[in-house]
Every structure is written in C-alpha cells, then in structure tokens.
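Here the structure is laid out as structure tokens; the discussion comes afterwards.
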Amino acid sequence: MPDVAEIELHFASDFVSLSRVPEKPKPKRRSGCPVSVSLEILGDRWSLLIIRDVMVRGFRTFKEFEQSGEGIATNILADRLQKLETAGILIAETEQEDARRINYRLTEKGIDLAPVLLELLIWGARHERTGLPPAAVEVMAKNRNALLREVRRRWRERDPRPLQVEGRWVWP
C-alpha cells in the first residue's frame, strides 16, 4: 500500500489532484483483556498523576503540572499530555482571555476515571504510609458516591475549585 493516496476530483473543466495523508495505524494490543488495554493507556505513574491533578487539584496548565511537586521532567510531561489527548482522556482548549495559553480539561472518558482514582487513593492511604490522615480516608470511603457526584458536578459545570488545596482536602 503506498504511503500517500492520490485522489482525482473532476470540477467542470479541470482535474485537481489531492494528496491524502494516511491515518496512523491503531496500536496493536497485547491482548483483548480490558485491564491490559487500560494499562497500555494509563500504566505509567505520570498519566494518573496528571489526571489526578486535573480532577482533584484543579490544575489546567502545563506550568501547574510542571510545578505540582512530583518532579516530572518537561519532556515527559509534554509526552504524557499528548498521549492523554490522543487517547481521548484530556482535551486542550485555548484560553479565551489569552489565546497563547492552553488549558487542559478532562473529557467524559477522563472523568469516568474518578472512581478508579478514588479507589487508588483509599487503597494507598489504608495500606501505605501517606500524608492523608486516616480519618479523612474513612470519610471518603464512607461517602464515595457523594464525592464522585461532586467530582462529576464540578466537571460538568466547569467549576474550577479544587477538591484539594496544598495537601488539604476541602471537600465536603
């Protein structure tokens, strides 16, 4: 199969030849297992931390992700943002006030990861030493559905208020 397909269009008195850029082939999956497929998209820590920062901390810009305190290198951050966009988890939107700035936002596919992140948070805080007080973990565990509704409401209404500020949960 040639790299570029030629298409000829006939317009009344002349022919126009256009080149069509071929579509990128979809990546070959290791298996059809949903866990494996999900891990191919989300299987590195940086992708999940970026999603966490958008969902929980209210981060929107490259600079905010870069300064999150996790120590992500700028080349890795740029790569993961692009991969999350390609996967349909994030969308890059031009800021209305300053068209030079890009704000990242979760798509519906991205916000559907809220239960996954919440369970990772609860599991990690219950089984490993973290900065989250045990009482806060139990409040989240008891109120999973309410917390997830609030996350989805903030996403739907484009409410920019974060759920966590400087390590402190500001929910409920």
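The values are calculated or read from the model by the stated rules, or taken from the named source; none is laboratory data. Every value quoted in this text rests on a predicted model; they were computed, and no experiment measured them. Because the Cβ atoms are built from the backbone with ideal geometry, glycine has one as well, and the counts that use them run over all protein chains shown.
Just a few scattered comments:
- Residue match in the range 116-136 (condition: surrounded by 17 or more Cβ atoms within 10 Å (Cβ to Cβ), more than 12 Å from the chain's Cα centre (by Cα) and among the small types (G, A, S)): yes
- Residue match in the range 119-135 (condition: out of contact with any Asp or Glu (no Cβ under 8 Å at 6 or more places or on another chain), part of a loop (DSSP other than H, G, I, E, B) and closer than 14 Å to V54 by Cα): no
- Unmet requirement for D159, which otherwise passes all of (1) surrounded by fewer than 13 Cβ atoms within 10 Å (Cβ to Cβ); (2) part of a helix (DSSP H, G or I); (3) among the acidic types (D, E): (2)
- Yes/no for N75 being surrounded by 13 or more Cβ atoms within 10 Å (Cβ to Cβ) and over 24 Å from A146 (Cα atoms): no
- The residues in the range 35-58 that are part of a loop (DSSP other than H, G, I, E, B) and either among the β-branched types (V, I, T) or modelled with pLDDT of 95 or more (or both) can be counted, and the count is 1.
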